[in-house]
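**Student:** Take this structure first; my questions come after.
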Amino acid sequence: MKQFGAFVKKEFFHILRDPRTVMLLLIMPVIQIILFGFALTNEVKNVNIAVFNSDLSIESRIITERLSAGESFQIKKYLHSHTEIPEVIEKGEVKLVIVFNKGFGSDLRHTGKASVNVIADASEPNLAQSALMYATNIIRASSQEFLKGGEVSSAPRVEPSLRLLYNPQLKSAYNFVPGVMGMILMLICAMMTSISIVREKETGTMELLLASPVKPFGIIIAKTIPYFVISVINIATILVLSIYLLNVPISGSLFWLLFISFLFVLVSLSVGMLISTLVDSQVAAMLISGMVFMMPVILLSGMIYPVENMPKILQVIAQIIPAKWFIAGARKLMIQGVDVVYALREIAVLTFMLILFFGLTIKNFKYRLD
Amino acid sequence: MAAEIIIAENLTKRFGTFTAVDNINFEVSKGEIFGFLGANGAGKTTAMRMLCGLLKPTSGRGAVAGFDISRESERVKANIGYMSQKFSLYEDLKVWENIRFFGGIYGLKPDEILSRSERLLNVLSMQEYAGSLVASLPLGWKQKLAFSLAIIHEPAVVFLDEPTGGVDPITRREFWELIYDASDRGITVFVTTHYMDEAEYCNRVSIMVDGRIDALDTPENLKARFGAQSMNEVFTMLARKAKRAD
């Protein structure tokens, strides 16, 4: 035990000798949360638009006001002729142009039907689509109001009414917080751990350690401890940031969310240890943990693309990725706020993976050099 | 404890069809400085690794400090020190961090580590460098420090695998002073080397050729037997017979 303590201390010395890496590991979750939370958002916020209103009725003015009232749009320009439309879009000044043709107001008043042209710059398709949807909703909602109070009553129409569960404002932050956790924990636990163990093999110090009375298995367990500590700090950072900065509440039980996070940390550490028993160079360790474990985490774990929309074969592959189960479980516990019984399957799969990877590590670990 | 602190009986190691160490026999007594010579590829390192419990012998028997090397390798490890040419210290750690680590893994108590590290730094005149990174030290200092750490727990035997590679004769001399000190304290020293002047410093030397031990005696007797002026001549005569390339 004393030997183990000396070992753990040494690992901390190694890590602290390279403060830039420590800073990177601790700041990375902050940067990722901010990046994903604010930059890569699907929400429509402060999109510049232009309005060409040749109608000048009360209705068209009210709709224009409504468009600029919320956070979604900012009216950058009022146009005075059709010829200006391509110009503002080409220059990139606005993403959307709303055109009210002459007679919009009277058409709406008399026939209950009027058309608005919405021209979108679709070079950024996702943004264009969401912006279009937002604008359409605002215009439709306002028109409906005019009709209710208007003289001409329209026949009752059935409008699809959508209700969004768990994430009513469609905040994208909700979705990616478990994803960022999965990615960062995988990176620190699997990649950093495997590199630090393999480095001892590469420099030859492993030989020295194997010739010492330290239990060989203690060597790699001691190597995981500093990364475990860093992971715990990162889990805390991510949760605090998502609650207080992104206003994503933890709707479920904090205890079980932490439980599944620690479980995932252990799974990732055992992945790192397993990699370290399979390869002999730091480059190989980095490639394996990067290509075999990190890439699929990002692409197949449902962090960015929903697993359900993937081709069958990729869905099958996704099942064997630990992060996929963690992210699914964390989403249930954190965002849906369901009881832990609904996440038992994820917890069971992660536990099974932990036993499997740890078992393989013990089986593969070489107690001697040959 | 028996007077014979290292025993090798028909010790053999095969990797596939290649016999790296071929039926070697020798005994080393307590406090002896035993030189283990041989050209590159002669099987010195393999033999030494078997004795340290790092490799399992294919056949034959070995005992170090009274413990069987294949069955009781954990006990063997607790009673030996090991130093290899290049990587016996952590370069990115400070001198005192290395001392504390090696003291710790050999099970020394904190106050023992403290007193021994003071003595050690004193002997090496390195008190001012306790806080320096090992990477910043000259090679000769690193080697002396590595040796001192390999014996920080006062083991029965210390195995040195080409410990003085690449340093000047003066530093090598200083290094050997440390070896003599250890030997005087009763620590058996098992050392491989390329330098024939170092072979002269040993109590006895063995010369390995192609996995076998071709000669084993005191340097004086060997020189007399081969009618040679120096160990260098003895070594050249024997090593010329080698069929194995590097």
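**Student:** Considering (1) out of contact with any Leu (no Cβ under 8 Å at 6 or more places or on another chain); (2) in a helix (DSSP H, G or I); (3) over 30 Å from A:Arg199 (Cβ atoms), say which one A:Asn247 fails and leave the rest.
**Tutor:** Only one criterion in (1) out of contact with any Leu (no Cβ under 8 Å at 6 or more places or on another chain); (2) in a helix (DSSP H, G or I); (3) over 30 Å from A:Arg199 (Cβ atoms) is unmet by A:Asn247, namely (2).
**Student:** Which of (1) of a type in the set (Gly, Ala, Ser); (2) touching a residue at least 60 places away in the same chain (Cβ under 8 Å); (3) closer than 30 Å to B:Glu91 by Cβ does A:Ala6 not meet, given it meets every other one?
**Tutor:** (2)
**Student:** Among what's in the range A:341-370 and is within 22 Å of B:Glu74 (Cα to Cα) and hydrophobic (A, V, I, L, M, F, W, C), pick the residue that is modelled with the lowest pLDDT.
**Tutor:** A:Leu369
**Student:** Sticking with this one: Just one of (1) part of a helix (DSSP H, G or I); (2) in contact with a helix residue (DSSP H, G or I) (Cβ under 6 Å, 6 or more places away or on another chain) trips up B:Pro57, so point out which.
**Tutor:** Evaluating B:Pro57 over (1) part of a helix (DSSP H, G or I); (2) in contact with a helix residue (DSSP H, G or I) (Cβ under 6 Å, 6 or more places away or on another chain) leaves (1) as the failure.
**Student:** Only one of A:Asn137, A:Asn53, A:Asn126, A:Asn48 is modelled with pLDDT of 85 or more, within 29 Å of the chain's Cα centre (by Cα) and not aromatic (Phe, Trp, Tyr); which?
**Tutor:** Unique residue meeting the criteria: A:Asn48.
Okay, residues lined up against (1) surrounded by fewer than 21 Cβ atoms within 10 Å (Cβ to Cβ); (2) closer than 18 Å to B:Gly81 by Cβ:
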site	(1), (2)
B:Arg116	yes, yes
B:Arg119	yes, yes
B:Val123	yes, yes
B:Glu128	yes, no
B:Ser136	yes, no
B:Leu139	yes, no
B:Leu160	no, yes
B:Thr164	no, yes
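**Student:** From the set of residues in the range B:33-74 that are among the aromatic types (Phe, Trp, Tyr) and in contact with a strand residue (DSSP E or B) (Cβ under 7 Å, 6 or more places away or on another chain), which is farthest from the other protein chains (Cβ to nearest Cβ)? Talk me through it step by step, then tell me what you get.
**Tutor:** Of all residues in the range B:33-74, those among the aromatic types (Phe, Trp, Tyr) come to B:34, B:36, B:67.
Still in the running and in contact with a strand residue (DSSP E or B) (Cβ under 7 Å, 6 or more places away or on another chain): B:34, B:36.
Working: B:Phe34: 18, B:Phe36: 16 Å.
In this case the residue turns out to be B:Phe34.
**Student:** Looking at the range B:174-205 only, could you name the residues that are β-branched (Val, Ile, Thr) and part of a loop (DSSP other than H, G, I, E, B)?
**Tutor:** Residues of the range B:174-205 β-branched (Val, Ile, Thr): B:179, B:187-189, B:191-193, B:205.
Passing the criteria: B:Ile187, B:Thr193.
**Student:** Residues that are without any contact (Cβ under 8 Å) to a residue 60 or more places away in the chain, assigned to a loop (DSSP other than H, G, I, E, B) and within 14 Å of another protein chain (Cβ to nearest Cβ): does the range A:42-63 have at least one? Walk me through how you get there before you give the answer.
**Tutor:** Our first condition is that a residue be without any contact (Cβ under 8 Å) to a residue 60 or more places away in the chain; within the range A:42-63, this holds for A:45-46, A:48, A:50-58, A:60-61.
Right, trim to assigned to a loop (DSSP other than H, G, I, E, B) and you get A:45-46, A:54-57.
From what is left, the residues that are within 14 Å of another protein chain (Cβ to nearest Cβ) are none.
No: zero hits.
**Student:** Would a scan of the range A:66-77 turn up a residue that is of a type in the set (D, E, K, R), at pLDDT 85 or above and either part of a helix (DSSP H, G or I) or in the same structural domain as A:Leu185 (by TED's automatic domain parsing) (or both)?
**Tutor:** yes
**Student:** List the number of the failed condition for A:Ala284; all other conditions in (1) under 19 Å from A:Ser231 (Cα atoms); (2) of a type in the set (Gly, Ala, Ser); (3) modelled with pLDDT of 85 or more hold.
**Tutor:** All conditions are met except number (1).
**Student:** Inside the range B:101-146, can you point out the residues that are part of a helix (DSSP H, G or I) and in contact with a strand residue (DSSP E or B) (Cβ under 6 Å, 6 or more places away or on another chain)?
**Tutor:** The answer is B:Ala146, and nothing else.
**Student:** B:Thr164 passes all but one of (1) closer than 21 Å to A:Leu209 by Cβ; (2) within 20 Å of the chain's Cα centre (by Cα); (3) in a loop (DSSP other than H, G, I, E, B); which number fails?
**Tutor:** Answer for B:Thr164: the failing condition is (1).
**Student:** Suppose we filter the range B:75-100 for residues that are within 21 Å of B:Gly53 (Cα to Cα), part of a helix (DSSP H, G or I), within 8 Å of chain A (Cβ to nearest Cβ) and touching a helix residue (DSSP H, G or I) at 6+ places or on another chain (Cβ under 9 Å); how many remain?
**Tutor:** Qualifying residue count, the range B:75-100: 1.
The values are calculated or read from the model by the stated rules, or taken from the named source; none is laboratory data. None of these values were measured; they are calculated from a predicted model. Glycine gets a Cβ as well: all are built from the backbone with ideal geometry, and neighbour counts include every protein chain shown.
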